1. Hey, among the residues in region 1-17 that are surrounded by fewer than 14 Cβ atoms within 10 Å (Cβ to Cβ) and either among the polar types (S, T, N, Q) or in contact with a Cys (Cβ under 6 Å, 6 or more places away or on another chain) (or both), which one's modelled with the lowest pLDDT?
2. If I filter region 18-29 for residues that are over 30 Å from V93 (Cα atoms) and either modelled with pLDDT of 80 or more or assigned to a loop (DSSP other than H, G, I, E, B) (or both), do I get at least one hit?
3. From the list L82, L56, exactly one residue is over 16 Å from E8 (Cβ atoms) and in contact with a helix residue (DSSP H, G or I) (Cβ under 7 Å, 6 or more places away or on another chain). Which is it?
4. Considering only region 30-87, how many residues are at pLDDT 70 or above and assigned to a helix (DSSP H, G or I)?
Amino acid sequence: MTWHAFSEPALGHLLRSLHKCIGQRFQISLQYQHVKAHSGKPGNELVDALAHQAALGEPMHDLDGWLGFVTNRSFVQRAECLWFLFDLIFNLVGW
């Protein structure tokens, strides 16, 4: 299953940049697996509950300020280069 960020391109770019940073920092390849809703898996049940809250328009935390900041064009453009800096720094330090 492939996720597309057509409706929220800035958030999509940010998530891609974070994905690259995590992969470079920890030298791992992140993998995703679609889990059918209501399958009884604890993590999936949590995500279902959060999605239900969001669908009701009642988020558990107010993230509007943070989301506004991290999806700002200036922040996203800088974050897209962050994975390169992580790779450079961690290779120099030897982590």
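The values are calculated or read from the model by the stated rules, or taken from the named source; none is laboratory data. All of these numbers come straight from a predicted model, not from anything done at the bench. Every residue, glycine among them, receives a Cβ derived from its backbone with ideal geometry; neighbour counts consider all protein chains shown.
1. It comes out as T2.
2. No, because not a single residue in region 18-29 is over 30 Å from V93 (Cα atoms) and either modelled with pLDDT of 80 or more or assigned to a loop (DSSP other than H, G, I, E, B) (or both).
3. Exactly one residue qualifies, and that residue is L82.
4. Of the residues in region 30-87, 35 are at pLDDT 70 or above and assigned to a helix (DSSP H, G or I).
Conditions (1) closer than 14 Å to Q24 by Cα; (2) among the small types (G, A, S); (3) loosely packed, with under 12 Cβ neighbours inside 10 Å; (4) touching a residue at least 24 places away in the same chain (Cβ under 8 Å), marked per residue:
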site	(1), (2), (3), (4)
A54	no, yes, yes, no
E58	no, no, yes, no
D62	no, no, yes, no
S74	no, yes, yes, no
E80	yes, no, no, yes
L88	yes, no, yes, no
L92	yes, no, yes, no
